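Okay, structure first, notes after.
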Amino acid sequence: MELTKVAFGGGCHWCTEAVFQTLIGVEKVEQGWVASTENNNTFSEAVIVYFNTDKINLKTLIEIHLLTHKSTSDHSMRTKYRSAVYYFSNQQKEDSLKIIEELQISFKDKIITKVLTFKEFKPNTAEFQNYYQSNPDKPFCQNYINPKLTFLLQQFSEKIDKRKVAHLISTT
């Protein structure tokens with residue numbers, strides 16, 4: 001089975017990693033920093049998502065990404081937390097642009113998420129990989145990641161691997 005990859009930047013990479021790790025069809029998530037080209041050539045927190053297109057499609061991944069970070073907010077931390085879909089092929093670029101355009105109608109405010117060339121990746125240190133899976137009881141996870149995962153359970157329950165969020169299911 002060949003996996004497809006796409007990268008996402010938005011909020012904290014610990015949060016983004018946890019969101020995508022819970023999805024059926026996502027086989028691997030690498031967490032760290034991604035750089036693109038030109039004005040976006042600096043590194044920004046992001047993840048690379050490896051997924052099985054027979055189980056989950058790019059549109060679902062992008063929709064979940066847009067809904068689980070501030071994809072309509074051009075706040076002061078956008079350099080560190082660039083809102084982006086990083087593509088690995090021209091077809092993925094075209095598909096991503098079209099998907100965001102289609103999804104815009106369900107958002108009140110303008111989506112600011114950019115579709116950018118994937119240029120370079122620097123992984124986070126080993127101690128911070130799989131952050132949520134290793135630290136679900138830490139305050140950061142309780143305050144920032146759990147609400148995103150609870151939202152996913154409510155809005156995308158058929159796309160969630162329930163084993164990965166069993167502790168949330170028992171408390172909701």
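The values are calculated or read from the model by the stated rules, or taken from the named source; none is laboratory data. On a predicted model such as this, the values are computed, not experimentally measured, just so you know. Quick reminder, even Gly has a Cβ in these numbers, built from the backbone with ideal geometry, and neighbours come from all protein chains shown.
A few remarks follow.
- Residue check for ILE112: assigned to a loop (DSSP other than H, G, I, E, B), hydrophobic (A, V, I, L, M, F, W, C), touching a residue at least 12 places away in the same chain (Cβ under 8 Å) and within 15 Å of PHE8 (Cβ to Cβ): yes
- ILE62 vs. criteria in a loop (DSSP other than H, G, I, E, B), surrounded by 13 or more Cβ atoms within 10 Å (Cβ to Cβ), touching a strand residue (DSSP E or B) at 6+ places or on another chain (Cβ under 7 Å) and in contact (Cβ under 8 Å) with a residue 12 or more places away in the chain: no
- Residue match in region 93-103 (condition: in contact with a Phe, Trp or Tyr (Cβ under 8 Å, 6 or more places away or on another chain) and under 25 Å from ILE145 (Cβ atoms)): yes
Here's the yes/no breakdown for (1) closer than 21 Å to ASN40 by Cβ; (2) assigned to a loop (DSSP other than H, G, I, E, B); (3) of a type in the set (Val, Ile, Thr); (4) in contact with a strand residue (DSSP E or B) (Cβ under 6 Å, 6 or more places away or on another chain):
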{"residue": "LYS55", "(1), (2), (3), (4)": "no, yes, no, no"}
{"residue": "SER71", "(1), (2), (3), (4)": "yes, yes, no, no"}
{"residue": "ARG82", "(1), (2), (3), (4)": "yes, yes, no, yes"}
{"residue": "GLU94", "(1), (2), (3), (4)": "yes, no, no, no"}
{"residue": "GLU101", "(1), (2), (3), (4)": "yes, no, no, no"}
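- Residue satisfying condition, being closer than 21 Å to THR4 by Cβ, hydrophobic (A, V, I, L, M, F, W, C), at pLDDT 90 or above and in contact with a Leu (Cβ under 6 Å, 6 or more places away or on another chain), within set ALA46, ALA84: ALA84
- Restricting GLN92, GLN104 to residues that are farther than 21 Å from ALA18 by Cβ, in contact (Cβ under 8 Å) with a residue 12 or more places away in the chain and of a type outside the set (D, E, K, R) narrows the list to GLN92.
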